[in-house]
1. Anything in region 128-151 that is open to solvent by less than 70 Å² (accessible area, probe 1.4 Å) and not polar (S, T, N, Q)? List them, or say none.
2. Does HIS47 qualify as being in a loop (DSSP other than H, G, I, E, B) and at pLDDT 50 or above?
3. Here's a check for you: in region 157-179, which residue that is open to solvent by 10 Å² or more (accessible area, probe 1.4 Å) and in contact with a strand residue (DSSP E or B) (Cβ under 9 Å, 6 or more places away or on another chain) is farthest from GLU135 (Cα to Cα)?
4. Exactly one condition in (1) open to solvent by 20 Å² or more (accessible area, probe 1.4 Å); (2) away from the ligand (no atom under 15 Å from the Cβ); (3) within 12 Å of the chain's Cα centre (by Cα) is not met by VAL58; state its number.
5. Looking at this structure, is PRO117 open to solvent by 50 Å² or more (accessible area, probe 1.4 Å) and more than 16 Å from the ligand (Cβ to nearest atom)?
6. Under 9 Å between Cβ atoms, at least 6 apart or on separate chains: pull out the pairs that start in region 178-199 with a residue that is at positive phi and end on any residue that is open to solvent by less than 30 Å² (accessible area, probe 1.4 Å) and assigned to a loop (DSSP other than H, G, I, E, B).
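The values are calculated or read from the model by the stated rules, or taken from the named source; none is laboratory data. All values reported here derive from a predicted model rather than from experimental measurement. Positions of Cβ are backbone-derived with ideal geometry, glycine not excepted, and every protein chain shown enters the neighbour counts. Accessible surface is based on the protein model in full, side chains and every heavy atom, while ligands, DNA and RNA are left aside. Shrake-Rupley method; radii C 1.70, N 1.55, O 1.52, S 1.80 Å.
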Amino acid sequence: MSRPGTPGGQPGPQRIADRAVAASEPARAYAELTAGNQRFVSGAPRHPNQDAGHRAAVADGQHPFAVIVGCSDSRLAAEIIFDRGLGDLFVVRTAGHTAGPEVLGSVEYAVTVLGTPLVVVLGHDSCGAVQAARESSATGTQPPGHLRAVVDAVLPSLRRAETEGVDDIDGIVDIHIAQTVETLLRQSPVLAAEVAQGRCAVVGVSYRLAAGVVRPVAAVPAGFATLDVPTGSADPVAAA
Ligand SMILES: [Zn+2]
């Protein structure tokens, strides 16, 4: 990828230096996300990086520490459920976190140009896109308009669920999250190369709408999301 213009301007020497630091830290990025989710779940969010001073501080450039490829569901706002603020998360959302070319390009932009060290696929229970695909498959009917593209993108996950004997909706959702992780890596050699070189990790997490909790269901490299990452030794918000 050539150096495209960025929302915050061209990458300069300092940005490249920042990228080198950030790119070595996928585990720390994941720890910061899970710490934020724990604050949200416990009812003690800090709403970091949402004040006017920080807004001005990040106006000249962005260094988000995680890419979120999430479902568009209105109850799944990334900055809220991970208790983060401006400049922290590079968020790409589609119904059912379907990952077409524009999504792949957005992920590659964040990982290669901004140096973001973590990609998180964010799905959730009772996902309407997964339910719509399930109904379409069961009835043999095509949804109208461009909704068909969403349904078609989810159908491979339904077939995989059938193969694995999974038929409950939330089990299918977990499979679809894992399938999206694999799709990102299979369709984006650029992302796969970043992961292979240890500069980035890809994690799929499932969010519970009522409880607000995220749970890892897939990770590349394998076992990444179960790493024992120390979160209590430093203030994750202050360190962000
Ligand atoms: Zn959804």
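1. Passing the criteria: GLY128, ALA129, VAL130, ALA132, ALA133, GLY140, PRO143, GLY145, ALA149, VAL150, VAL151.
2. Judged against the criteria, HIS47 is a match.
3. ALA178
4. With respect to (1) open to solvent by 20 Å² or more (accessible area, probe 1.4 Å); (2) away from the ligand (no atom under 15 Å from the Cβ); (3) within 12 Å of the chain's Cα centre (by Cα), VAL58 is out only on (3).
5. no
6. GLY198/ALA23
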